[in-house]
Amino acid sequence: MLGEGILKGMAVTAKNFFGSYFSAERLTTVEYPEQRIAPFEAARVFPFLVFDGADWEAGLRCVACQICEKECPPKCIYIEKSTDKKPDAVGKLQFYPARFDIDISVCMSCQICVEVCPFEAIKMDTEFELSTDDRFGGLLLDRKQLAKSNEYYHQIHSTEAAGVDARLAAEKAKADAKAKGAAAAKTAAIAGEGA
Amino acid sequence: MSLTQSDSAAVAGQLEGWSRPTMMEPESEGELMEVAMGPHHPSTHGVFRMDVTLDGERVMRLRPVFGYLHRNHEKIAEGQSYLASMPYTDRLDYICPLTNNWAYALAVEKLAGQEVPERAEYLRVILGELTRFQNHASSIGFLTQEMGAMGTPLMYAFREREKILDLFEELTGARMMVNYMRFGGCRVDASTEWLERTRKVVAGLNKFTDEFDRLLSTNEILMARTQGVGVLKAELAVNAGVTGPMLRASGVNYDIRKVDSYSIYNRCKFRVPLGDHGDVYDRYMIRMLEMRESIGILEQALRDIPGGPVMSPTAKIRGFRPKPGEAYGRIEAPKGELGFYLISNGGPNPYRYRVRPPSLINLTVLEDMCLGVNVADVVLIFGSVDIVLGEVDR
Amino acid sequence: MKTVEEIKSAIEEAVPGAAVEIAPNPNPALPHSLRIAADNMLAAAKFLRDDAELKLDYLSNVTGVDWPESLEAVYHLYSVEKKHGPVIIRMHTENRTDHVELPSLTPIWRSAEFQEREIFDLYGIVFTGHPDLRRLLMWEGFKDHPMRRDYVAPDDFEYEPTAHDEVLKRAQAHEAALHGQSIPGQTGTEAGA
């Protein structure tokens, strides 16, 4: 019969149309911004800097090694190293970034900076509602705007943050054990000399 | 030293049929009209212009104009490391970022002699076939959109595509610009929950394909508009370097997954659908059938995926300097043969980085297929080639 | 499929007097290519396409390469009928300045049509015998060849919305040179980078 194909097709569209009143499978619209889909844990938008503790400046993990700046494909990171040093999470004295700018109008969310960072200092944020009407500075984030706490990191990427914390704790334990071993050897040497 | 015009003309004269199409003779008495279709056009799949010369409604000549999306990807790649080019490959054929990543990773692994662990190969196949499925579904959706179906099949295809994009986001962090493959494997391992969710999605794909098929394949309007339109003969297709579903629709059995057997495709059982006529309907049908074959490959790969690491222990992320040499790595991307030709001089950046774009080369025969047809059919023929401008212009 | 040496001898047999040499791949594990002189290329290519054993009917990729001494075109050939490949052939120009012609292989493989146009556009190799040699990706009237290693990007940064530092200086200098004015705050009358 001529038109049979069209009628079969109309049966499919009718099934979808009437089915959308009954099943969420057929009606998949989410009315943003009143309704929102929960973001996936792995989702990534733009980078942010992690700090431990309460003080963002003192607890910033970044040591301004500039590896992320070198590896960033569109070169959106700009770092200026400090002239003095401050102690990091394991107690070693490190440089810190006096300036750390990311131009998020250039950033392409490729996440290579996160991959190459040896200090777990830069991670991907999930905040995407960042539009601004300030076109000359609004999308250039400095280190104060980029610094977010480790608790926030746990909130947005819980399993990843737990893994990072475990790794850093293991490193700290190793460094502590090494320091204790060195101190014990030193006191033994002094005691040996004294005796 | 240079060949004279008469020499090459002599050679060309011997090779009848491979020369470029000449402008047709108009039938009516009136003037010919030159229309620029594009670049700002809803049906040109991106910023693309075709200068068509019309006699009434029939096309006398068609000149494609490229370059509106040219971003000089190849020169950018010469100035940065191999890894830094990986996110740029996402943006070539932006509907199928994972297969672009895969082709580039394959080429670099060939260049550097880098091994890839088995689990990573299975993951690559799973993600590649998911990409192929959503690309073909969207392509059919866009084709029907151009026929005037006002978006219904397109939205059904996109509804299914959303499920696949959700899988990508869960695994790689991004829906489209995934930056997931690395030289020596994949960036991040897939959890068992992800594999379970993928199995569930794949289990629903057969039902979707059946529904999609029932909606479209026997539709009289679709058949009337696409059968016999835009016929491409097999010899011209091979000589013009056409690859992918367009070549197979013309009846040529050449699927790089079978020919090169790269990755673990030699372990997967799948068929290669071939067309009889080489018209728009055949290309549509080939894509529909390839969607079904992809589901089969997905089921096999999801069943057989082994454990183990997803990155080779010898792979380097930073400081990657392959030995001097050159390599050409190619895969069967959803659009055709996507190849990367890399020349390394031992440094951290490639000396020459070339993308072989299937979309651009498939367009070589656009004028051949469009001569003598109505303007409305030009849109259909162009849609059946299935191009993405990011790849054509790079 | 024949090895590179066998293909070389086959070409030399079919095209008498052809200057064919094996261009070794610096990485010996990867396939070597054949460098053929530009004068013999058309005949050699026809042989490669029509020979009963090789039947290389599918030209997959045409690449332009910019070497310090010359420009080169590299062709990757496969066979759809015999399902083998690749056979890589290359030819290079005499120099990079005035002798930049090479014979076009479009009469033999139509897939070279757009790819050779792109190489003409981005590298400047003139393919004689190409049916329609004009720019592909850059616009008509564009001068210079962008993929060459000595290409210098022009200073017309008028489109840059947030110019600052170096880019701003160059954009202002370009604007000034365009309108023949001098810029306040910049010494010297030399405007334009």
**Protection proxy ranking, peptides C:16-26, B:56-66, average beta carbon neighbours within 10 Å, highest first** = B:56-66, C:16-26
**Average partner coverage of B:170-179, which counts Cβ from other chains inside 10 Å** = 5
**Request:** Please give the average number of partner chain Cβ atoms lying within 10 Å of the Cβ of each residue in C:109-121, rounded to a whole number.
**Result:** 6
**Fill in**
For chain B, the longest principal axis of the Cα atoms and the Cα long axis of helix B:118-147 enclose an angle in degrees, to the nearest 10, of 30
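If you take the Cα Rg of region C:4-140 and divide it by 2.2 N^0.38 Å, with N the number of residues, what do you get?
Details: Rg = 14.5 Å, N = 137, 2.2 N^0.38 = 14.3 Å.
Relative to the rule-of-thumb radius for its length, region C:4-140 sits at 1.02.
Does region B:303-377 come out rounded, prolate or oblate by the C-alpha gyration tensor, with a ≥ b ≥ c the root eigenvalues, rounded set by a/c under 1.5 and, if not, prolate when a/b is larger than b/c and oblate if not?
Details: a/c = 4.62, a/b = 1.80, b/c = 2.56.
In terms of gyration-tensor shape, oblate.
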**Prompt:** What is chain B by shape, rounded, prolate or oblate, if you read a ≥ b ≥ c off the alpha carbon gyration tensor as root eigenvalues and call it rounded for a/c under 1.5, prolate for a/b larger than b/c, and oblate otherwise?
**Reply:** oblate
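Quick one: C:E12, A:E120, fewest Cβ neighbours within 10 Å first, how do they rank?
Details: C:E12 15, A:E120 20.
The order, fewest Cβ neighbours first, is C:E12, A:E120.
Just tell me how shielded B:33-46 is by partners: mean number of partner chain Cβ atoms within 10 Å of each residue's Cβ, no decimals. Intermediate values should be presented prior to the final figure.
Working: counts 0, 0, 0, 0, 0, 0, 0, 0, 0, 0, 0, 0, 0, 0.
Averaged over the peptide's residues, the number is 0.
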**Prompt:** If we count other beta carbons within 10 Å of each Cβ, what is the order of A:T132, B:T218, C:T106, fewest first?
**Reply:** A:T132, B:T218, C:T106
**Complete:** With Cα springs under 10 Å, the Gaussian network model of chain B assigns the largest mean-square fluctuation among B:R354, B:R267, B:R161 to B:R267
**Fill in**
Connecting every pair of Cα atoms under 10 Å apart in chain A and solving the GNM, the largest mean-square fluctuation among A:D125, A:D84, A:D165 falls on A:D84
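Using a 10 Å cut-off on Cβ atoms, rank the peptides B:97-109, A:38-50 from the highest mean neighbour count down. Don't skip to the end; give the middle numbers.
Values: B:97-109: 26.4, A:38-50: 19.1.
Highest to lowest by the protection proxy: B:97-109, A:38-50.
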**Asked** What is the fewest-to-most order of B:M288, B:M86 by other Cβ atoms lying within 10 Å of their Cβ?
**Response** B:M288, B:M86
**Message:** Springs between alpha-carbon pairs under 10 angstrom, Gaussian network model over chain A: which of A:G59, A:G163, A:G19 fluctuates most?
**Reply:** A:G19
**Complete:** Expressed as a whole-number percentage, the relative contact order of region A:47-178 with C-alpha contacts under 8 angstrom and at least six residues apart is 31
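How large is the Rg to Rh ratio of region A:47-178 when both quantities use alpha carbon positions and Rh follows Kirkwood?
Values: Rg = 14.8 Å, Rh = 15.4 Å.
Result for region A:47-178 is an Rg/Rh of 0.96.
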**Fill in**
Restricting to lysines and to Cα separations under 17 Å from B:K316, and discarding same-chain partners fewer than 8 apart, the set is A:K70, B:K110
**Fill in**
Counting Lys and Arg as +1 and Asp and Glu as -1 over every other residue whose Cβ sits under 11 Å from the Cβ of A:S20, the net charge comes to +2
**Request:** On a 0 to 90° scale, report how tilted helix A:4-19 is relative to the longest principal axis of chain A, with both axes built from alpha carbons and the result rounded to the nearest 10.
**Result:** 50
**Fill in**
Per its Cα gyration tensor (rounded if a/c is under 1.5, else prolate when a/b beats b/c, else oblate), region B:245-394 is best filed as oblate
**Request:** Using only Cα atoms, locate the centre of region B:266-337 and the centre of region A:50-73, then give the distance between them in Å, rounded to an integer.
**Result:** 39
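Efficiency by 1/(1 + (r/R0)^6): what FRET value for A:A173 and A:K75, r their Cβ-Cβ distance, R0 = 41 Å, to the nearest 0.05? Don't skip to the answer; put the middle values down first.
Numbers: r = 37 Å, r/R0 = 0.90.
With a Förster radius of 41 Å, E is 0.65.
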**Message:** Quick check on packing: order C:39-46, B:279-286 by the mean number of other C-beta atoms within 10 Å, highest mean leading.
**Reply:** B:279-286, C:39-46
**Prompt:** So how tilted is helix B:192-216 from the main axis of chain B? Cα-based, degrees 0 to 90, rounded to 10.
**Reply:** 20
**Request:** With just the Cα atoms of the protein assembly as shown, tell me how far they stretch along each of the three principal axes, in Å, largest first.
**Result:** 108, 72, 62
**Request:** Could you tell me the distance between the Cα centroids of region B:70-136 and region A:151-195, to the nearest Å?
**Result:** 40
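Any read-out appearing in this document is the output of simple, stated calculations on the displayed coordinates, not a laboratory observation. Just so we're clear, the structure is a prediction, and the values are computed from it rather than from any experiment. Positions of Cβ are generated from backbone atoms using ideal geometry, with glycine treated the same way; all protein chains shown enter the neighbour counts.
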